[in-house]
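The structure appears right after this line, and notes come after that.
The values are calculated or read from the model by the stated rules, or taken from the named source; none is laboratory data. Just so you know, these numbers come straight off a predicted model, no measurement behind them. Note that we place each Cβ from the backbone using ideal geometry, even for glycine, and neighbour counts take in every protein chain shown. SASA here: full protein model, heavy atoms, side chains in, ligands and nucleic acids out. Shrake-Rupley method; radii C 1.70, N 1.55, O 1.52, S 1.80 Å.
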Amino acid sequence: YSLTTDAIITDLGGLSTVTGRVSMADNGDQLLIVDGTAGYTYTVSTTTFAVIGDAQFPNGAEHCDYIAGFFVTNLKNTGQLWKSALNDGTSWSALDFTTAEAEPDNMVRPFVFNDEIWCFGTESTEPFYNAGTATFPFQKRQNAKLNVGTAAPWSIAQMDNSVFFLGQSARGEKIVFRTQGYQKKSITNHAIAIAIDSYDTISDAYGLNYLEEGDDFSALTFTTTGVTWVYDSSISYPRVAWPQHLYLHR
């Protein structure tokens with residue numbers, strides 16, 4: 001649907017799926033939509049909604065984003081990062097992908113932050129920058145790999161010049177992190193980590209950042225459990241210990 005400022009709602013088209021989350025990204029005229037099964041585009045200038053017919057599109061993509069004229073997405077159950085043709089989400093090439101391969105985990109979400117693509121895996125995270133190379137423009141940022149990935153791809157959100165996410169490592173611990181440059185900082189204490197680890201399902205957690213009364217907040221909601229943890233970034237660190245920044249909201 002589209003919704004105008006005059007509250008006019010228009011049905012633009014339907015997906016082939018009926019459950020699950022949907023990822024969207026736009027380039028100003030074209031909107032790319034992925035639902036974990038297929039890809040779709042809506043073009044504003046022509047009011048055209050259609051399933052992507054290009055046989056090279058990585059069907060099964062669950063997340064998409066936009067950077068430097070390209071749509072980017074992941075190929076499910078692989079470490080591959082794919083890109084579209086320049087300024088065209090309907091055109092994809094079988095050669096237009098690279099692999100986040102510092103660790104043998106799958107890449108579950110490409111996330112554009114500070115003009116780079118952060119490729120979040122299940123156990124590691126690798127930033128890619130636009131090197132402008134002819135074969136594939138995005139290259140791995142050397143010495144910037146994080147030794148944690150994410151346990152919940154929808155938990156990833158940006159705020160306060162940082163990325164917030166529910167982290168996961170090869171050792172299995174589940175901790176909420178924020179980035180500082182190419183480093184990670186935990187914003188959980190042991191009690192919070194134990195609470196999160198006790199939840200039956202954490203993969204469906206999603207992040208939402210918002211501004212309230214001049215302060216930035218990062219909320220992490222565990223859908224199945226029905227619990228939301230909120231981080232208040234207005235309290236400067238490290239003046240106050242991390243646990244005092246994060247509180248539970250029901």
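Residue count for segment 188-225, restricted to those that are in a helix (DSSP H, G or I) and touching a helix residue (DSSP H, G or I) at 6+ places or on another chain (Cβ under 8 Å): 2.
Residue by residue through segment 34-46, note down the ones that are of a type in the set (Val, Ile, Thr), farther than 12 Å from Asp88 by Cα and touching a residue at least 24 places away in the same chain (Cβ under 8 Å). Scanning segment 34-46 gives a single hit, Val34. The residues on offer are Tyr40, Tyr1, and the sole one that is under 20 Å from the mean Cα position of the chain (by Cα) and not β-branched (Val, Ile, Thr) is Tyr40. Only one of the numbered conditions (1) at pLDDT 85 or above; (2) on the phi > 0 side of the Ramachandran plot; (3) of a type outside the set (D, E, K, R) is not met by Tyr210, and that is (2). Looking at this structure, is Phe128 in a strand (DSSP E or B), touching a residue at least 60 places away in the same chain (Cβ under 8 Å) and aromatic (Phe, Trp, Tyr)? It is false that Phe128 is in a strand (DSSP E or B), touching a residue at least 60 places away in the same chain (Cβ under 8 Å) and aromatic (Phe, Trp, Tyr). Residues in segment 119-132 that are aromatic (Phe, Trp, Tyr) and more than 16 Å from Phe71 (Cβ to Cβ): 2 in all. Of Gly53, Gly36, all but one fail to be surrounded by 13 or more Cβ atoms within 10 Å (Cβ to Cβ) and either in contact with a Ser or Thr (Cβ under 6 Å, 6 or more places away or on another chain) or part of a loop (DSSP other than H, G, I, E, B) (or both); the exception is Gly36.
Quick check on segment 98-123: of everything there that is closer than 14 Å to Val163 by Cβ and touching a helix residue (DSSP H, G or I) at 6+ places or on another chain (Cβ under 8 Å), which residue is most open to solvent (accessible area, probe 1.4 Å)? Ranking the qualifying residues of segment 98-123, first place goes to Arg109.
Looking across segment 59-77, the residues that are at pLDDT 95 or above and either more than 15 Å from the chain's Cα centre (by Cα) or over 22 Å from Gly20 (Cβ atoms) (or both) come down to Ile67, Ala68, Gly69, Phe70. Looking across segment 105-125 at every residue that is over 20 Å from Arg21 (Cα atoms) and assigned to a loop (DSSP other than H, G, I, E, B), the one that is farthest from the chain's Cα centre (by Cα) is identified as Asp105.
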